[in-house]
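Asker: Attaching a single structure in structure tokens format; questions to follow.
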Amino acid sequence: MTATLALVRAVHIASLMIVFGSESLAALVQRSPAPRDVALPDAILRTCATTALVTAMFWFAVGVAAIAGDWAAVSSKSMIAAVATATLFGRVMLARLALLALLVGAVLLRMPLFLRIVVAGAALAAIALTSHAAAAGDPAFLLARAANDAIHLLAAGFWVGGLAMLTPLAIRHRGTPVPLIGPLQVFSRWGIPAVAVLVLAGSFNGYLVLFGRRGAWSPLYLALLSTKIVLAALMVSLALANRFGLLPALQRGERDAEETFLISAVAELAIGVTIVAIVGLLGLLPPQMG
């Protein structure tokens, strides 16, 4: 069940990141000096929003079963109500389910872009309230620690979602890179600060999780966390190479730059998805043994 829930969590987080990041980048491109109408296809956005809602429902059901110690509790209205109102996990999930239902409606009805960004961002950021980082240390500072983790999630969401939008755009305009330059410039301009925030907030999260509690560190948790850090460093390296190498080459019209960017974007997106998969498992593992 742990592996299944880890996969569900990863799919849930990735789906929300794609909606939040792609819609945020689309809004920034529309407000740029050379605006373009770029966005993920509606079918992908609808699929991601719906997937986020369905996986959140499953996540909540597993949480109810875990708290009650019995899968039969999932069919008990009184137990569901008790978990939803008497536990932090339940209250947060109840609020997130409401936000996700609103997001599905907003995407299906093509409501204003700003509304979709805010709702997706709120649903993504709220995950931090029940994270390891938020729970590490004095309960009086839970909200402060959760806020740092929320910033980390939003920065990651912008990056992963932006790549999810740019990659099909690069595929669609192979051989004609000019339409790609404007969105890529916007992504690079905002992406570098996002990466800086991602690294700083993530480093602080790691410190909180590892040093905010007493006890010997779990070898499995450390191994996964180390893998995540290595992959994140590789992703940052590719981002910097794109910003200061490939983007100027695209602007100069160099023949190989477009193909190289496409390969780099796919690699970054694959690394980002792998990191999200690791995060899905890390959230279920105890950082300390015993």
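The values are calculated or read from the model by the stated rules, or taken from the named source; none is laboratory data. Keep in mind that this is a model prediction, so the values were computed, not measured. All Cβ positions, glycine included, derive from the backbone under ideal geometry; neighbour counts span all protein chains shown. Surface areas here come from the heavy atoms of the whole protein model, side chains and all, with no ligands, DNA or RNA. Shrake-Rupley method; radii C 1.70, N 1.55, O 1.52, S 1.80 Å.
Asker: Are there any pairs, at least 6 apart or on different chains, whose C-beta atoms fall under 6 Å, with the first in segment 133-145 and within 14 Å of L210 (Cα to Cα) and the second in a loop (DSSP other than H, G, I, E, B), and if so, which?
Answerer: Partner pairs satisfying both residue conditions: A136/G212; A136/R213; G137/G212.
Asker: Could you figure out which of (1) open to solvent by 60 Å² or more (accessible area, probe 1.4 Å); (2) within 19 Å of L163 (Cβ to Cβ); (3) out of contact with any Gly (no Cβ under 6 Å at 6 or more places or on another chain) isn't true of I13?
Answerer: I13 satisfies every listed condition except (1).
Asker: Using beta carbons and a limit of 9 Å, which pairs, at least six apart or on different chains, have the first residue in segment 76-94 and at pLDDT below 90 and the second one among the hydroxyl-bearing types (S, T, Y)?
Answerer: A82/S76
Asker: Filter segment 71-113 down to residues that are more than 30 Å from V38 (Cβ to Cβ) and among the charged types (D, E, K, R) and give me whichever is farthest from the chain's Cα centre (by Cα).
Answerer: K77
Asker: Please enumerate the residues belonging to segment 134-182 that are within 20 Å of V279 (Cα to Cα) and small (G, A, S).
Answerer: Within segment 134-182, A134, A135, A136, A146, A147, A150, A155, A156, G157, G161, G162, A164 meet the criteria.
Asker: Within segment 167-182, track down each residue that is of a type in the set (A, V, I, L, M) and modelled with pLDDT under 75. Talk me through it step by step, then tell me what you get.
Answerer: Taking segment 167-182 and keeping what is of a type in the set (A, V, I, L, M), we get 169-171, 178, 180-181.
The answer is V178, and nothing else.
Asker: Would you kindly identify the helices (runs of 4 or more DSSP H) lying entirely within segment 66-145 that contain at least 1 residues that are open to solvent by 70 Å² or more (accessible area, probe 1.4 Å)? Lay out the reasoning, then the answer.
Answerer: Working: elements: 77-86, 88-108, 113-125, 132-135.
The helices (runs of 4 or more DSSP H) meeting that bar are 77-86, 88-108, 113-125.
Asker: Something else about it: Report yes if some residue within segment 266-274 is under 17 Å from W159 (Cα atoms), among the hydrophobic types (A, V, I, L, M, F, W, C) and either free of Cβ contacts under 8 Å to residues at least 40 places away in the same chain or in contact with a strand residue (DSSP E or B) (Cβ under 9 Å, 6 or more places away or on another chain) (or both); otherwise report no. Step through it out loud before you land on a result.
Answerer: Of segment 266-274, the ones under 17 Å from W159 (Cα atoms) are 266-274.
Checking the rest, the ones that are also among the hydrophobic types (A, V, I, L, M, F, W, C) come to 266-267, 269-271, 273.
Retained after the next criterion (residues that are either free of Cβ contacts under 8 Å to residues at least 40 places away in the same chain or in contact with a strand residue (DSSP E or B) (Cβ under 9 Å, 6 or more places away or on another chain) (or both)): 267, 270.
Looking for residues that are under 17 Å from W159 (Cα atoms), among the hydrophobic types (A, V, I, L, M, F, W, C) and either free of Cβ contacts under 8 Å to residues at least 40 places away in the same chain or in contact with a strand residue (DSSP E or B) (Cβ under 9 Å, 6 or more places away or on another chain) (or both), one finds at least one in segment 266-274, hence yes.
Asker: Tell me the residue from R255, R214, R243 that is in contact (Cβ under 8 Å) with a residue 40 or more places away in the chain and surrounded by fewer than 14 Cβ atoms within 10 Å (Cβ to Cβ), please.
Answerer: Numbers: R255 fails: in contact (Cβ under 8 Å) with a residue 40 or more places away in the chain; R243 fails: surrounded by fewer than 14 Cβ atoms within 10 Å (Cβ to Cβ).
Only one candidate passes the filter, namely R214.
Asker: Which pairs have Cβ atoms under 9 Å, sit 6 or more apart or on different chains, and link a residue in segment 155-176 that is without any contact (Cβ under 8 Å) to a residue 60 or more places away in the chain and in a helix (DSSP H, G or I) to one that is open to solvent by 40 Å² or more (accessible area, probe 1.4 Å) and small (G, A, S)?
Answerer: A155/A196
Asker: Residues that are open to solvent by 20 Å² or more (accessible area, probe 1.4 Å), over 16 Å from V186 (Cα atoms) and charged (D, E, K, R): does segment 24-47 have at least one?
Answerer: Yes, segment 24-47 contains at least one residue that is open to solvent by 20 Å² or more (accessible area, probe 1.4 Å), over 16 Å from V186 (Cα atoms) and charged (D, E, K, R).
Asker: For segment 177-290, give me every one of the helices (runs of 4 or more DSSP H) that falls completely inside it and has 3 or more residues that are more than 22 Å from S32 (Cα to Cα) and within 20 Å of the chain's Cα centre (by Cα). First the steps, then the outcome.
Answerer: Details: elements: 178-211, 219-241, 247-251, 257-282.
Ranges flagged: 178-211, 219-241, 257-282.
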